[in-house]
Amino acid sequence: MKLKQVLVDTSIWVDYFRANQNASVLKDLFDEDRVVINDVILAELLPAMNLYAKKILIEKMRALECMPVFVNWEGIISLQTQCLKQGVNGVGLPDLMIVQTAIEYKIPIYSLDKHFEKLCPILKFDLYEHKYDAMNIIDEKTL
């Protein structure tokens, strides 16, 4: 059986680079070859890395599997409308694009941002929860 990939959000990367409490979870995901990102996450992280000349780190980030972002603007409008109907406003386009990627590829998002917890039941995507890792197993035949 192969484990499901996990879309690792910017907040986890920032935490990882600071070597805080989630560093071990991300390391486990690396060891299991489950870490994926998208261009939105890269666009949030790389400017600061460029500013501080973190060339090796930039190369490593660019070497990660990057899920293509196909922005479906009607889909984004629909996601935002669903949020507004449920009283959740102020969700930025980058986060909606990250959610759209997770929905498109049927992969969970790993994030420390609490707004993803609010969005999850409304927009019907999965969040990665380390303690429930066994639920993230998929059969190789489905790949």
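Any read-out appearing in this document is the output of simple, stated calculations on the displayed coordinates, not a laboratory observation. Given the structure is predicted, the values throughout are model-derived calculations rather than measurements. Neighbour counts run over all protein chains shown; Cβ positions are idealised from the backbone, glycine included.
What net charge do the residues around A23 carry, taking every other residue with its C-beta under 13 Å from that of A23, with Lys and Arg at +1 and Asp and Glu at -1? The partial results should precede the final answer.
On the way: positive: R18, K27; negative: D15, D28, D31.
Spelling it out: positives minus negatives among the neighbours equals -1.
Rounded to the nearest 20 Debye, what is the dipole magnitude of the range 12-57 about its Cα centre when Lys and Arg each give +1 and Asp and Glu each give -1 at the C-beta? Let's see the in-between values first.
On the way: 5 positive and 7 negative charges, 56 e Å.
The dipole magnitude comes to about 260 debye.
Kindly rank 49-59, 22-32 from highest to lowest mean number of other beta carbons found within 10 Å of each residue. Intermediate results must be reported in sequence, preceding the final value.
Values: 49-59: 11.7, 22-32: 15.3.
Packing proxy ranking, top to bottom: 22-32, 49-59.
Do any of K54/K106; K2/K85; K2/K27 go past 26 Å between their Cα atoms, and which?
Over 26 Å apart, Cα to Cα: K54/K106; K2/K85.
How far apart, in nanometres, would the label points at K60 and H115 be if each is projected 7 angstrom from Cα along the Cα-to-Cβ direction?
Those two pseudo-labels are separated by 2.9 nm.
Using a simple spin-label model with points 7 Å from Cα along the Cα→Cβ vector, what separation in nm is obtained for Y52 and L127?
Simple spin-label model gives 2.7 nm for this pair.
Using helices alone, I'd like the mean residue ellipticity at 222 nm for the chain: each DSSP H run of four-plus residues gives -39500 (n - 2.57), total over residue count, nearest 500.
Numbers: 7 runs with 75 residues, N = 143.
After summing the helix terms and dividing by residue count, I get -15500 deg cm²/dmol.
Using a cut-off of 14 Å between beta-carbons, work out the net charge of the residues near L42 (Lys and Arg +1, Asp and Glu -1, L42 not included). Provide the component values of the computation, followed by the final result.
Working: positive: K54, K60, R62; negative: D9, D39, E44, E59, E65.
Charge balance in the 14 Å sphere: -2.
Suppose R0 equals 35 Å. What FRET efficiency, 1/(1 + (r/R0)^6) with r the Cβ-Cβ distance, do F17 and K85 give to the nearest 0.05? The partial results should precede the final answer.
Numbers: r = 37 Å, r/R0 = 1.05.
That gives a FRET efficiency of 0.45.
Counting Lys and Arg as +1 and Asp and Glu as -1, each charge on the Cβ, what is the dipole of the range 2-137 about the Cα centre in debye, to the nearest 20?
On the way: 15 positive and 18 negative charges, 22 e Å.
I would put it at about 100 debye.
Given S24, V40, V6, which one lies farthest toward the positive end of the charge dipole of the range 1-88, if we put +1 on the Cβ of every Lys and Arg and -1 on the Cβ of every Asp and Glu?
Towards the positive end, the residue furthest out is S24.
Give, as a single signed number, the net charge of other residues whose beta carbon lies under 13 Å from the beta carbon of D33, with Lys and Arg counted +1 and Asp and Glu -1. It would help to have the intermediate numbers written out before the result.
Details: positive: K2, K4, K27, R34; negative: D28, D31, E32, E65.
Within the 13 Å Cβ shell, the charges total 0.
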